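The structure under discussion appears below in the form of structure tokens.
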Amino acid sequence: MADTRRTHDPASGRLDTATTPRWNPSLSRRGFLAASAAVGASAWLAACGAQTTTKTVPKLGTKLEGQLHIYNWGSYYLGRDDLKAFQQQFNQTVTEDSYDSNETLLAKVQAGAAGYDVVVPTGYMVQIMAAQGLLYPLQHDHIPNYQYVDAMFKTLPFDVGNKYSMPKDWGTTGFGYRSDLLPAATSWQDFFTLATGKASGKTIVLDGVNEVIGSLCKMLGFSYNSVDPAQLEQVRQKLLALKPHLLAITATDDITLMSNGKAILALDWNGNVLSAQAQQAALQYVIPSEGSEFWVDNWALLKNAPDPIAGHAFINFLLDPKISSKEITTTYYAQCETEAFKYMDQTLASNAVIYPNQGTISRLEAQQALSSDGAKLRKQIWDEFKAA
Amino acid sequence: MRSEVDATARDASLYDVELLGVSKTFGATTQAVHDLTLRVERGIFLSLLGPSGCGKTTTLRLIAGFEQPTTGSIMIRGRDVAGLPPYRRDVNTVFQSYALFPHMTVADNIGYGLRQQHLHRDEIRRRVGEALEMVRLPGAGGRRPAQLSGGQQQRVALARALVNRPTVLLLDEPLSALDLKLRKEMQQELKALQHEVGITFIYVTHDQEEAITLSNRIVVMNGGRLEQEGSPTEVYDRPRTRFVADFIGLTNFIEGRVREVIPAVNGEQSTVTVTTGIGEICCASDQSDVSVGEAVTIALRPEKVSLVESASADDSPRDGWSTVGGIVTQAAFLGAQNEYRVRVGKESSGGSQGQEIVVRQQNLGAMAETPPNDESSSPTIDGWRVFGPGERVVLAWRHEVGLVLRDSGDDRATGDRVSAQAPTPHASRA
Amino acid sequence: MRASANPSLRDRGFSAIQRLPLWGRSLLLLAPAFVWYGVFFLAPLVNMVIISFEESSGYGGPPAPGFHLDSYRQLLNPLYLKVFGVTLRMALLGTVACLLVGYPLAYFLATRASRHKTTLLLLIIVPFWTSFLIRTYAWETILDSDGVLSNILQALGITHGSLNVLYTPTAIFIGILYNYLPLMIFPLYVALDRLDKRLVEASKDLGAGRIATFWQVTLPLTLPGVVTGCLLVFIPLTGEYLIPAILGGSKNLFMGNLIGEQFQGQGASSDWPFGAALGVTVVVLLLIVVNIYLLAFRRVQSVPGQAG
């Protein structure tokens, strides 16, 4: 589930100092502890501070309405300074609302939530929303900064050619382990062996059907998005064998459990493992050798956006490498533009957990929307895993 | 609890219940019962009488075992029951509000005690049937208490207690919830029932009339202490303290100082002469321990005073009689009696020394109203007639009727009833 | 005022109401309640029933309209029947445990606490002033292997090594007992407090000891409190969601979690129609169970001689 990585307090993502404020778990609580509670919808920012930025202007001279409405995971998933700069530069008032899951976003939009321009769906949700005709086809000539987007993000299966979405940032699913307590691990097979052996009772996995089933698919050499019943049957066997060894299935307590040392092995996203590293220096994040998933969160416009022109301007503004390079200091997730490295804090740019090398990236697969039958089959396996 | 050993121990004692120096203190300060010694003879109907808060209910609860005495001991049939819980005492209680089990039928209520003794089911059924017959409720066994009237519930409560054949039956104001007519009926039934079963009844009440009607013995309590114990006649006619005289029946109190004491000779009563605000009053008394000069109170029952016309009264009173003149201030017709308030005093003119005496005369006549001073139409029987306000009369009573009560008897008593020392007749009804 | 030639509009309104028959006026007064229940209770319930017959979209979110029995057919999958079974067992165990712990406590409060009664009752209520969520998280801290309880037990030498209770069914059970106990205590306390103490005295007076008195008088007469308390605990327990999620580490799936997952789960793990079907089934099952329970209770309480 993508929300946790987006909802963690960016301050804690820092790698450099121990004086950073502790990660606030309440921001990462899933579902009932809606992250939206922590952050209001207000962003009527006073236009102060002499922040000068780029002079990017939409090529088409259409007049902006003066109001932009963003529906995002939370204001901590968008740099405040960058937002302020956008408002000043384009003389726009920005209103923000927040949601806590892709499914909430979808349900709201399907139910006819009107008035939003910009939304931030994860890859598979772009696919679903586009298929339902909920997204505005992007006018690439309004987004000149698209040129900076790396090639690998222009052909992703959920939106080939970026017809409906522009990549915002990305991350991976892998596992973290305590190198001081466990032998070196490099693969999903190692993860499974440790989980059912040395790390039994101290292993946690994400409370997410796609991540858990997808990861075991990779371990068995299948596609992360496999819906083949025979393959999934093998995954099911492995999951049932894994279950008794788990401490918890959680996307809310994972960072805490890693930080306080109760979990020494965790199937998790890179950002969360990074957060726990502040407390447990020996925690290592691994993108397994069999390959894994990378997820991408995307900017998109709603079909019925009140001001699509301003929306385009906003997306284009944030794709400016000078701006996106600053976004990373808010979100601590990898940006999708090589150009941004020029302007970036080099400790972040060189962090292999945020930016894996090309060899690793080539082993990653993007999460996709699954066929209805395949999704149902995975769901049954998931329910059985949880009930076991 | 009904073993043979106990049975012999029971028979060894003359008394069913003995309280020996029993005190009960609640909390740090509230003393409900103070140093009470009481022996209850077998088979009698004893009433514990007193105003609310006098300790009578606490005494009952001490006997029942709901409370444990702070000091002193309690014996039931000669057996010390100290520390024994209620269910180990051979007594049963009829509660003020009956305390019938609402979730059980009448039969189950009555059979409750028998079931605790694990008697055979047929035996229980037989005895429950008998008990229902005894309280004249045959056929009501299948009903629920809530379906019965107050009187019927009362009978069930009685049957439930008596069916266990206890040594002593304790009754805590059992009739107080009933209306007057039903109460009178139940009083008769209770008395008959006690006669029939022959069990000792200890009956708590604040109703002096009920106590007098029902009991063989009355124990008057006040402020946690025993004021007087005796037969109804003794308690009524020979109250030993002002409290008892006041609480039971209507009494005139005349305060004064002893002028002369002639001790008893040859079995006769001693004669005490008291100087009071209404003149010198001579009393024949059993109490010869009063000394000259002591402050005393004379208690005088209204119905024991005769009222005669002033004109016909002798100047020199007959031997053995006290007389005092006065003026009728109020006359009330009570049905069976006429009640007068008569202002008396040295001058009988309402001086500061005067006081009002209440007098009750049996209504012997037939005329409801008689105009004052109309002698021709006034029917008289042995000099009896009805008086009206303003008439001069003479009050007369025999010497032994006036009771000399030592004021010290009131010292320990509490409550405004006793402490009031008004010059007006201190007469009240309990 | 009403006789005036030109009655005000308000007066006319009044007289119009007064002309209504009694049932009409009752209806008028009840209208706000009807509207409230209609909009906020009935309508969502009907919506839930409708959704339960729709077809899952396969990727979460609102389903496609239609009439399908798939969701109900899915219920028969042994996997979900097992979840039903586990949930009912937990609810029953939790209810019985609350009763066993709550009754003596309520008894003490009602009969023995006297002077401290108010203080003790307050102490039971005070935790309720904080959110259920926070209280449950507090238990997570207490039961933690490095937590307060573990340290105390080790310091006292009662256990050796840290306490490994968190994220186990035992932790869930403790959480349930703690959170639901007051729901049991209050009806029991009210029943015991209202119990006429003279009935207890009468029982003892008639020769029944403490235990016999309890079984024959106290318990039967406080049975309504027991019934209320059990229902108050049992019904929400069948839908308990947070405690298994927090103290059970989401490893132990109960009906509430299963239903929650159908609506809040990520992507494929959510399935609105199935969740709705589970919800409808739980409601129906509870109606049946509760009615059987109440019928049985009424039979026990019924008056044999009341036929007349």
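The values are calculated or read from the model by the stated rules, or taken from the named source; none is laboratory data. Note that the structure is predicted; figures quoted are calculated from it, not measured. Cβ placement follows ideal geometry from the backbone for every residue including glycine, while neighbour counts extend to all protein chains displayed. Heads up: the accessible areas ignore ligands, DNA and RNA and are worked out on the full protein's heavy atoms, side chains in. Shrake-Rupley method; radii C 1.70, N 1.55, O 1.52, S 1.80 Å.
Step by step: first the residues of the range A:214-241, then only those that are outside any helix (DSSP H, G or I) and in contact with a strand residue (DSSP E or B) (Cβ under 8 Å, 6 or more places away or on another chain), then the one that is most open to solvent (accessible area, probe 1.4 Å). Which residue is that?
Step one: list which residues in the range A:214-241 are outside any helix (DSSP H, G or I), which gives A:220-228.
Now drop any that are not in contact with a strand residue (DSSP E or B) (Cβ under 8 Å, 6 or more places away or on another chain), which leaves A:223-225.
Details: A:223: 47, A:224: 1, A:225: 21 Å².
Out of the qualifying residues, it is A:223.
If residue C:174 meets every condition in (1) more than 14 Å from chain B (Cβ to nearest Cβ); (2) open to solvent by less than 40 Å² (accessible area, probe 1.4 Å); (3) part of a helix (DSSP H, G or I) apart from one, which number is that one?
Condition (2) is where residue C:174 drops out.
Would you pick out the residues in the range A:346-388 that are surrounded by 15 or more Cβ atoms within 10 Å (Cβ to Cβ), assigned to a loop (DSSP other than H, G, I, E, B) and more than 8 Å from chain C (Cβ to nearest Cβ)?
Passing the criteria: A:351, A:353, A:354, A:355, A:356, A:363, A:367, A:368, A:388.
Give the residues of the range B:218-236 that are in contact (Cβ under 8 Å) with a residue 12 or more places away in the chain and β-branched (Val, Ile, Thr), sorted by residue number.
B:218, B:219, B:220, B:235, listed by residue number.
Quick grid of which residues meet (1) part of a strand (DSSP E or B); (2) acidic (Asp, Glu); (3) in contact (Cβ under 8 Å) with a residue 12 or more places away in the chain:
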position: A:100; (1), (2), (3): no, yes, yes
position: A:106; (1), (2), (3): no, no, yes
position: A:109; (1), (2), (3): no, no, yes
position: A:130; (1), (2), (3): no, no, yes
position: A:146; (1), (2), (3): no, no, yes
position: A:163; (1), (2), (3): no, no, yes
position: A:168; (1), (2), (3): yes, no, yes
position: A:175; (1), (2), (3): yes, no, yes
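Please return the ranges of helices (runs of 4 or more DSSP H) entirely within the range B:55-155 where 2 or more residues are under 34 Å from the mean Cα position of the chain (by Cα) and more than 11 Å from every other protein chain (Cβ to nearest Cβ). Even if it seems obvious, please write down each step before you answer.
On the way: elements: B:56-64, B:106-116, B:121-134.
The helices (runs of 4 or more DSSP H) meeting that bar are B:56-64, B:121-134.
Considering C:248, C:305, which residue is touching a Gly at 6+ places or on another chain (Cβ under 7 Å), over 30 Å from residue B:63 (Cα atoms) and modelled with pLDDT under 90?
C:305
Determine if the range C:138-145 includes at least one residue that is modelled with pLDDT under 85 and in contact with a Ser or Thr (Cβ under 9 Å, 6 or more places away or on another chain). Break it down stepwise before answering.
If we filter the range C:138-145 for residues that are modelled with pLDDT under 85, which is where we start, we get C:144-145.
After this cut, where a residue has to be in contact with a Ser or Thr (Cβ under 9 Å, 6 or more places away or on another chain) as well, the list is C:144-145.
Yes: the range C:138-145 contains one or more residues that are modelled with pLDDT under 85 and in contact with a Ser or Thr (Cβ under 9 Å, 6 or more places away or on another chain).
Residues of the range C:247-293 being at the interface with chain A (Cβ under 8 Å from one of its Cβ atoms), in a helix (DSSP H, G or I) and open to solvent by less than 20 Å² (accessible area, probe 1.4 Å), which ones?
Once the filter is applied, which keeps residues that are at the interface with chain A (Cβ under 8 Å from one of its Cβ atoms), in a helix (DSSP H, G or I) and open to solvent by less than 20 Å² (accessible area, probe 1.4 Å), the range C:247-293 yields C:257, C:258, C:260, C:261, C:267, C:268, C:269.
So residue A:76 ticks every box in (1) at pLDDT 85 or above; (2) more than 12 Å from chain C (Cβ to nearest Cβ); (3) assigned to a helix (DSSP H, G or I) but one. Which box is left unticked?
All conditions pass for residue A:76, except number (1).
Taking residue C:207 as the residue in question, decide whether it is in contact with a strand residue (DSSP E or B) (Cβ under 9 Å, 6 or more places away or on another chain), free of Cβ contacts under 8 Å to residues at least 40 places away in the same chain and outside any helix (DSSP H, G or I).
Numbers: in contact with a strand residue (DSSP E or B) (Cβ under 9 Å, 6 or more places away or on another chain): yes; free of Cβ contacts under 8 Å to residues at least 40 places away in the same chain: yes; outside any helix (DSSP H, G or I): yes.
Yes.
Only one of (1) under 25 Å from residue A:254 (Cβ atoms); (2) of a type in the set (Val, Ile, Thr); (3) open to solvent by 60 Å² or more (accessible area, probe 1.4 Å) is not met by residue A:338, so which one is it?
Result: residue A:338 passes all but (1).
Inspect all residues belonging to the range B:194-210 and state whether any of them is on the phi > 0 side of the Ramachandran plot and either crowded, with 22+ Cβ neighbours inside 10 Å or among the acidic types (Asp, Glu) (or both). Step through it out loud before you land on a result.
Of the range B:194-210, the ones on the phi > 0 side of the Ramachandran plot are B:198.
Subset that is either crowded, with 22+ Cβ neighbours inside 10 Å or among the acidic types (Asp, Glu) (or both): none.
Within the range B:194-210, not a single residue is on the phi > 0 side of the Ramachandran plot and either crowded, with 22+ Cβ neighbours inside 10 Å or among the acidic types (Asp, Glu) (or both).
With respect to residue A:139, is the statement that it is within 14 Å of another protein chain (Cβ to nearest Cβ), open to solvent by 30 Å² or more (accessible area, probe 1.4 Å) and in contact with a helix residue (DSSP H, G or I) (Cβ under 8 Å, 6 or more places away or on another chain) true?
Numbers: within 14 Å of another protein chain (Cβ to nearest Cβ): no; open to solvent by 30 Å² or more (accessible area, probe 1.4 Å): yes; in contact with a helix residue (DSSP H, G or I) (Cβ under 8 Å, 6 or more places away or on another chain): yes.
It is false that residue A:139 is within 14 Å of another protein chain (Cβ to nearest Cβ), open to solvent by 30 Å² or more (accessible area, probe 1.4 Å) and in contact with a helix residue (DSSP H, G or I) (Cβ under 8 Å, 6 or more places away or on another chain).
Among the residues of the range C:217-231, which ones are closer than 18 Å to residue C:104 by Cβ and open to solvent by 20 Å² or more (accessible area, probe 1.4 Å)?
C:219, C:220, C:221, C:223, C:228
Run residue A:167 past the list (1) open to solvent by 10 Å² or more (accessible area, probe 1.4 Å); (2) at pLDDT 90 or above and report the number of the one that doesn't hold.
Status for residue A:167: all satisfied but (1).
Among the residues in the range C:72-90, are any in contact with a Ser or Thr (Cβ under 9 Å, 6 or more places away or on another chain), among the small types (Gly, Ala, Ser) and more than 10 Å from chain A (Cβ to nearest Cβ)?
In the first step, residues of the range C:72-90 are kept if they are in contact with a Ser or Thr (Cβ under 9 Å, 6 or more places away or on another chain); the result is C:72, C:75, C:84, C:87-88, C:90.
When the remaining residues are screened for being among the small types (Gly, Ala, Ser), the result is none.
So far as the range C:72-90 goes, no, none of its residues is in contact with a Ser or Thr (Cβ under 9 Å, 6 or more places away or on another chain), among the small types (Gly, Ala, Ser) and more than 10 Å from chain A (Cβ to nearest Cβ).
Would you mind stating whether residue C:60 is modelled with pLDDT under 90, surrounded by 12 or more Cβ atoms within 10 Å (Cβ to Cβ) and at positive phi?
yes
Which residue, of B:427, B:366, is closer than 24 Å to residue B:207 by Cα and modelled with pLDDT under 85?
So the residue among B:427, B:366 that is closer than 24 Å to residue B:207 by Cα and modelled with pLDDT under 85 is B:427.
Within the range A:301-312, is even one residue within 25 Å of residue A:270 (Cβ to Cβ), among the aliphatic types (A, V, I, L, M), open to solvent by less than 10 Å² (accessible area, probe 1.4 Å) and touching a residue at least 60 places away in the same chain (Cβ under 8 Å)? Show your work before the answer.
Taking the range A:301-312 and keeping what is within 25 Å of residue A:270 (Cβ to Cβ), we get none.
There is no residue in the range A:301-312 that is within 25 Å of residue A:270 (Cβ to Cβ), among the aliphatic types (A, V, I, L, M), open to solvent by less than 10 Å² (accessible area, probe 1.4 Å) and touching a residue at least 60 places away in the same chain (Cβ under 8 Å).
Please tell me if residue B:52 is surrounded by fewer than 20 Cβ atoms within 10 Å (Cβ to Cβ) and under 20 Å from the mean Cα position of the chain (by Cα).
On the way: surrounded by fewer than 20 Cβ atoms within 10 Å (Cβ to Cβ): yes; under 20 Å from the mean Cα position of the chain (by Cα): yes.
So residue B:52 passes the test.
For the range C:177-203, enumerate the residues that are surrounded by fewer than 24 Cβ atoms within 10 Å (Cβ to Cβ) and within 14 Å of chain B (Cβ to nearest Cβ).
C:191, C:194, C:195, C:196, C:197, C:198, C:199, C:200, C:201
Test residue C:65 against the criterion of being modelled with pLDDT of 85 or more, open to solvent by 70 Å² or more (accessible area, probe 1.4 Å) and not polar (S, T, N, Q), and give yes or no.
On the way: modelled with pLDDT of 85 or more: no; open to solvent by 70 Å² or more (accessible area, probe 1.4 Å): yes; not polar (S, T, N, Q): yes.
In short, no.
So which residues in the range A:260-278 are over 21 Å from the mean Cα position of the chain (by Cα) and surrounded by fewer than 24 Cβ atoms within 10 Å (Cβ to Cβ), if there are any at all?
A:260, A:261, A:262
Restricting attention to the range C:221-246, which residues are aliphatic (A, V, I, L, M), more than 8 Å from chain A (Cβ to nearest Cβ) and under 16 Å from the mean Cα position of the chain (by Cα)?
Across the range C:221-246, the qualifying residues are C:226, C:227, C:231, C:232, C:233, C:235, C:237, C:243.
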